[in-house]
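For reference, the structure discussed in these notes is given below.
The values are calculated or read from the model by the stated rules, or taken from the named source; none is laboratory data. Not measured: the values here are computed from a predicted model. Reconstructed Cβ throughout: ideal geometry from the backbone, glycine too, with neighbour counts over all protein chains shown. Calculation scope for accessible area: heavy atoms of the full protein, side chains included, ligands and nucleic acids excluded. Shrake-Rupley method; radii C 1.70, N 1.55, O 1.52, S 1.80 Å.
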Amino acid sequence: MRKLWSAIKWLFKTGIKFTLAGVTLFFLTNAWVILMNENRLYDDIQDLPVNDVGLVLGTSKRLSSGYTNPYFTYRIKAAAKLYKAGKVKCLLVSGDNKHHSYNEPRDIQNALIKLGVPESSITLDYAGFRTLDSVVRSKKVFQQDQITVISQRFHNYRAAFVGKHYGVDVVAYNARSPRRWDYPIYREYLARPKAILDLYILRTKPKFLGKKEYICP
């Protein structure tokens, strides 16, 4: 009985140690991604540097409830705003294209055209399955060493982090976020440690690369 109790105490103490280590690692990795890229994110369009290409990171047009996704709406408005202000010459729209009825790049393109962005200034990347894929493909496939990422602030930190790792000179414009805290924001706290794991340990590559394409001549 004494041995059993000793084993239980050892397991309990070990579990606490692993839990504390995990929590510490969680906060440290999030802090690393944020602090490393704070100076690359912009809220004021006047301060944002000019780049040839704005990379619009994809998201679904509608929520599971059927309502319009506010992250989508604010991201599109931000992209159109930068284009009209001359902060980018063209837009690279990168997102998921799961099937015919779910096509993030196509939905974003249609929304941008409605806001006055000409179709000739929009390039679609249908293989932006993850943020890593979108950022890496902007360099490896679309030949861009400097880009302006367009997404919400919480997302832009990770995109800039990935870009810096791959030698892309990234600045990011923070689109408006909904006032409420919801799933995308909470998920991002886990996505940042995963990004570090992908970049430095697993050496994860984009799902697809393909032949090089040239945009914004």
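Can you find, among Phe129, Val56, Val93, the residue sitting farthest towards the positive end of the charge dipole of segment 40-172, where Lys and Arg contribute +1 and Asp and Glu -1 at Cβ?
Of the options given, the answer is Phe129.
Could you state the accessible area per residue of segment 65-119 in Å², with a 1.4 Å probe and every protein chain left in place?
Here the per-residue accessible area is 48 Å².
Based solely on its DSSP helices, what 222 nm [θ] is calculated for the chain when runs of n ≥ 4 H residues each add -39,500 (n - 2.57) and the sum is averaged over all residues, nearest 500 deg cm²/dmol?
-15000 deg cm²/dmol
Mind checking the angle between helix 104-114 and the chain's longest principal axis? C-alpha axes, 0 to 90 degrees, to the nearest 10.
Here the helix axis deviates by roughly 40 degrees.
Run the numbers for Tyr200 and Ser64: contour at 0.36 nm per residue of separation, minus the present Cα-Cα distance, in nm.
Between Tyr200 and Ser64, full extension yields 45.6 nm more.
Within segment 35-146, how many lysine pairs that are 8 or more places apart, or on different chains, have C-alpha atoms less than 14 Å apart?
Count of close lysine pairs: 7.
Have a look at the DSSP beta bridges in the chain and tell me what percent are antiparallel, nearest 5.
Once the DSSP bridges in the chain are tallied, antiparallel ones form about 10 percent.
Nearest 10 degrees is fine. How inclined is helix 2-37 to the longest principal axis of the chain, computing both from alpha carbons?
Between the helix axis and the principal axis of the chain, the angle is about 20 degrees.
Per the 1.4 Å probe, what fraction of the accessible area of the chain, in percent, lies on carbon and sulfur atoms?
Exposed carbon and sulfur together represent 59 percent of the surface.
Would you list Ser65, Ser121 from the most to the least accessible area, probe 1.4 Å?
Ser65, Ser121
Are there chymotrypsin sites (Phe, Trp or Tyr not before Pro) in segment 39-77 that DSSP puts in a loop and that have at most 13 other Cβ atoms within 10 Å, and which ones?
The qualifying sites are Tyr67.
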